[in-house]
1. For segment 285-310, what are the residues that are among the acidic types (Asp, Glu), open to solvent by less than 60 Å² (accessible area, probe 1.4 Å) and assigned to a strand (DSSP E or B)?
2. Identify, by number, the condition in (1) under 26 Å from Met59 (Cβ atoms); (2) more than 16 Å from the chain's Cα centre (by Cα) that Gly114 doesn't meet.
3. I'm trying to understand the selection: among the residues of segment 287-318, which are within 20 Å of the chain's Cα centre (by Cα) and acidic (Asp, Glu)?
4. Quick check on my filter: what residues within segment 273-295 are more than 13 Å from Phe312 (Cα to Cα), among the polar types (S, T, N, Q) and modelled with pLDDT of 95 or more?
5. Just give me the residues in segment 258-270 being polar (S, T, N, Q), over 27 Å from the mean Cα position of the chain (by Cα) and open to solvent by less than 40 Å² (accessible area, probe 1.4 Å), in sequence order.
6. Among residues belonging to segment 323-343 that are open to solvent by 10 Å² or more (accessible area, probe 1.4 Å) and not charged (D, E, K, R), point out the one that is farthest from the chain's Cα centre (by Cα).
7. Given the residues Thr69, Thr63, Thr83, which is the only one that is farther than 26 Å from Lys162 by Cα and in contact with a Cys (Cβ under 9 Å, 6 or more places away or on another chain)?
8. Consider Lys207 carefully, then state whether it is assigned to a loop (DSSP other than H, G, I, E, B) and either at pLDDT 95 or above or over 23 Å from the mean Cα position of the chain (by Cα) (or both).
Amino acid sequence: MKRVVVAMSGGVDSSVTAYILKKMGYDVVGVTIKMFENQEKYLKDAEAVAKKLDIKWEMIDKTIEFQETVISYFINSYRKGLTPNPCAYCNRNAKFFFLYNEMLKYGADHIATGHYADIVEVDGHKYIKKSTNTKKDQSYYLALIRDDLLDKLLFPLGMMDKSEVRKIASSIGLEVAEKKDSQEVCFLEGGDYRDYLKKMIDPNKIKKGYFIYNNERIMKHEGIEFYTVGQRRGLGIGYHKPLYVQHIDPVTFDIHLTDENRSGYRGVRLNNCNWFGSPKKLFRAQARLRYRMKDANTLVEILPDDRADLLFDEPQPFPAPGQVAAIYNKDILLGGGFIEGVF
């Protein structure tokens, strides 16, 4: 019997994932990772589901490691004028790293999560594929995970609708069947990231400068930590036409604004790229620059030092340095990287 370590968050998706795999004949070990405080309700829910399913369950405390990696990255990115992507970063540097170690500890064959994505084989190599549930597809957040993990991953919910998942949970009597979906940035617990940063950063060290439009200072802003490229709402400017954040200068602390007519860019450079398989140095693909953006047709050129250039067929609005660009061949995920700059 093959053994699988299932990441159990206490939500309906991971609970049904564990149930499906047990029903398929796997020896299921549920692992709940404590990564920040105030997770007690989630821990209890995960433990209760494991008991209901009659599977082994363990909670591992990784709050210190999570603080030193993901939360530190999150805060420091905003302080550098970047827009972080903590979910993709966590999957690469924390969550799947922790799960891999648990897989080794239990002598398991696979790792499984409740992500809405799929694993397919193309020309003898495993790839991540978009979920058929387009509204819930989470392949974007998996663009940075290690290529050598793909042989170990299972995503049982990849081809399912959320309503179907909840129906299964209800049919087997799981109390989490109607539990609300977790927030994209888990440690914010549904709150505004600005409020979180204000609690975490010394007020005397906030990097304040000016809003700049057409090379003229408009007014002082509250700190570069509290703005992102492409932002329009919440600037507090009261200008006679809509203005957007175009560039955040981490040296002068000035925030440069633009209007809608100057929002598009033909290309971006990526750094810290991650690729699945062995892509060509120059190829056509589609790129998703934010989770909720449409894929854009692009020419990809892989460069030395884990960099790549993307040249879009059509200008793309407000690519944000620090965000992740996921690269696809239709519905197959080829990899991704962090946006370093625009051109």
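The values are calculated or read from the model by the stated rules, or taken from the named source; none is laboratory data. Here the structure is a predicted model, which is why all the values come from computation and not from measurement. Cβ sites come from the backbone with ideal geometry, for glycine too, and all protein chains shown count toward neighbours. When the accessible area is computed, the model is the full protein with side chains, heavy atoms only, and any ligands, DNA or RNA have been set aside. Shrake-Rupley method; radii C 1.70, N 1.55, O 1.52, S 1.80 Å.
1. In the first step, residues of segment 285-310 are kept if they are among the acidic types (Asp, Glu); the result is 295, 301, 305-306, 309.
Narrowing further to those that are open to solvent by less than 60 Å² (accessible area, probe 1.4 Å): 295, 309.
Asp309, the sole residue that qualifies.
2. Evaluating Gly114 over (1) under 26 Å from Met59 (Cβ atoms); (2) more than 16 Å from the chain's Cα centre (by Cα) leaves (2) as the failure.
3. Hits for segment 287-318 are Asp295, Asp306.
4. Residue satisfying the conditions is Asn274 alone.
5. Keep residues of segment 258-270 that are polar (S, T, N, Q), which gives 258, 261, 263.
Pick out the ones that are also over 27 Å from the mean Cα position of the chain (by Cα) and you get 258, 261.
Scanning segment 258-270 gives a single hit, Thr258.
6. Applying the first criterion (open to solvent by 10 Å² or more (accessible area, probe 1.4 Å)) to segment 323-343 yields 323, 329-332, 334, 338, 340-343.
Narrowing further to those that are not charged (D, E, K, R): 323, 329, 332, 334, 338, 341-343.
Values: Gln323: 9, Asn329: 19, Ile332: 17, Leu334: 16, Phe338: 12, Gly341: 19, Val342: 21, Phe343: 24 Å.
Among residues in segment 323-343 that are open to solvent by 10 Å² or more (accessible area, probe 1.4 Å) and not charged (D, E, K, R), the one farthest from the chain's Cα centre (by Cα) is Phe343.
7. Details: Thr63 fails: in contact with a Cys (Cβ under 9 Å, 6 or more places away or on another chain); Thr83 fails: in contact with a Cys (Cβ under 9 Å, 6 or more places away or on another chain).
Thr69 is the lone residue from the list that is farther than 26 Å from Lys162 by Cα and in contact with a Cys (Cβ under 9 Å, 6 or more places away or on another chain).
8. On the way: assigned to a loop (DSSP other than H, G, I, E, B): yes; either at pLDDT 95 or above or over 23 Å from the mean Cα position of the chain (by Cα) (or both): yes.
When the stated conditions are applied, Lys207 passes them.
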